[in-house]
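The values are calculated or read from the model by the stated rules, or taken from the named source; none is laboratory data. No experiment lies behind these values; they were computed from the predicted model shown. Heads up, the Cβs are rebuilt from the backbone with ideal geometry, glycines too, and the neighbour counts pull from every protein chain shown. What goes into the accessible areas is simple: the full protein's heavy atoms, side chains included, and nothing from ligands, DNA or RNA. Shrake-Rupley method; radii C 1.70, N 1.55, O 1.52, S 1.80 Å.
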Amino acid sequence: MNTDAWFDFSDHVVLVSGGAGGIGREISRAFAHHGAHVVVADIDGGAAETVASEIGTATPAQVDVRNGNAVETLIAETCHQHGKIDVLVNTAAIYVRVPALELSETDYDRTMDINVKGTWLMCQAAARRMIEGQSGRIINYTSNAGNRGSALQLAYNASKAAVISITKSLAVEWGHTGVTVNAVAPGPTDTALMAPAFTDRALVESFAQRIPQGRLTPPDVTVGPVLFLASPLAGSITGHTLYADGGMSAT
Ligand SMILES: NC(=O)c1ccc[n+]([C@@H]2O[C@H](COP(=O)([O-])OP(=O)(O)OC[C@H]3O[C@@H](n4cnc5c(N)ncnc54)[C@H](O)[C@@H]3O)[C@@H](O)[C@H]2O)c1
C-alpha cells in the first residue's frame, strides 16, 4: 500500500448530504482540503451555495433527501458533471425534542422520512453507480443516541438506530461489490440541530458531565473518522459504527 496516498482524495468526487449543516460543512471543507471535488447537497440551496463558494473546489446542490426523484436527479447530475461518485457522506437529518406523550404523527413521520428514508434513498441511488464501478465508500451519520434510550427524543433515537441497522444491512448485501458502508456516531455537538435542546444550559452541563472527556463533541471532531473510513486504510471495514463521542457510549 502506498502510504503517501492515505488521505489524498485528489480525483475523488465526494457528495455530502446536509453539506451546509454544522457537521456537513466541516466534512465538505476537509475533503476539499485533501484534494476532492465536493458536492455540497442540502435542502437549503442558498446555504449550500455559500459553503461551496467558501470552499472553491465544490458544487452546490439543492435536494430534499425524502424525495426519491430529486435524489436520483442529484446523483445522475453529479455523475454527468463529474463522471462518478467515490464517497457519499449522509449527514442530512432533523431533531425533534418533545415528550413521547406529545409527539405528533407529523413530527414522527418527518423525522423518519428525512433521517431514515432519506439515508436509504441516497445510499441506493449512489450505490447503483458505485457498484457499476466496483468501488465506493458510504458513510452514514448516526448518533450515540441510536444505541441508547433518552427522554424527549424518541423519534430521533429510533431514526438513528435505524441508520445503524441500514448501515449493517447494506454492508452485508454489498460486501462483494467493492462498496463499503459504515456509520459515524458523534455525541452531543453544538450545531443548529441541537438548538431545541441546547437552549437549556443545565442540560448542556449534564451532557458534559456524562461525557468522560468532559466536553461536547466539537463539530470538526468527527471529520477524522470520516476521512479514515473513506481512505484506503479502511478498505476492509464495513458495517461498522465508529463512535466519536468523547467516550459517552462507553458509560
Ligand atoms: N449535533 C449533534 O449533537 C449530533 C449528535 C449526534 C449525531 N449528529 C448527526 O450528525 C449529522 C449532522 O448534524 P448537524 O449537527 O450538522 O446538524 P445541522 O442541523 O447543523 O445540519 C443538518 C443539515 O441537514 C439539512 N437537511 C435537513 N433536512 C434535509 C432534507 N430533507 N434534505 C436535505 N438536507 C436536509 C439541513 O438544512 C442542515 O444543513 C446528523 O445526521 C445528526 O443526526 C449530530
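Observations on the model:
- Computed extension gain for Glu102 through Glu132, at 0.36 nm per residue and net of the alpha carbon distance, reaches 6.2 nm.
- Take Glu173: with every protein chain present and a 1.4 Å probe, its accessible area is about 120 Å².
- By the rule of a C-alpha distance below 19 Å, with chain neighbours fewer than 8 residues away ignored, the lysines paired with Lys160 are Lys117, Lys168.
- 20 °C / 1.002 mPa s Stokes-Einstein diffusion coefficient of region 69-206, Kirkwood radius on C-alpha pairs, µm²/s: 134 µm²/s
- Ranked order, Arg137, Arg97 - accessible area, probe 1.4 Å, largest first: Arg97, Arg137
- Contour minus Cα-Cα distance for Ser165 and His240 (0.36 nm per residue): 26.0 nm
- Available extension along the chain between Thr3 and Thr177 is 60.2 nm, counting 0.36 nm per residue and deducting the alpha carbon span.
- Global geometry of region 17-98, whether rounded, prolate or oblate, following the gyration tensor of its Cα atoms and the 1.5 cut on a/c: oblate
- The chain, accessible surface, carbon-and-sulfur percent (1.4 angstrom probe): 51 percent
- Residue-wise HN-Hα couplings along region 143-153, as the Karplus relation 6.51 cos²θ - 1.76 cosθ + 1.60 with θ = phi - 60° gives them from phi, are 7, 5, 5, x, 10, 8, x, 8, 5, 6, 9 Hz; Gly and Pro carry x.
- Two-site FRET efficiency, Asp64 against Asp220, from Cβ-Cβ distance with R₀ of 45 Å, rounded to 0.05: 0.95
- Residues Glu105, Glu72, Glu54 ordered from highest to lowest accessible area at a 1.4 Å probe: Glu105, Glu54, Glu72.
- Between Ala76 and Arg201, the distance separating the two model label sites (each 7 Å from Cα on the Cα→Cβ line) works out to 5.2 nm.
- For region 10-250, the fraction of alpha-carbon pairs in successive 5 Å shells from zero, as %: 1, 7, 15, 19, 21, 17, 11, 6, 2, 0, 0
- Shape call, region 44-83: gyration tensor on alpha carbons, a/c limit 1.5: oblate
- Helix axis angle, 118-132 relative to the chain longest principal axis, alpha carbon, degrees: 20 degrees
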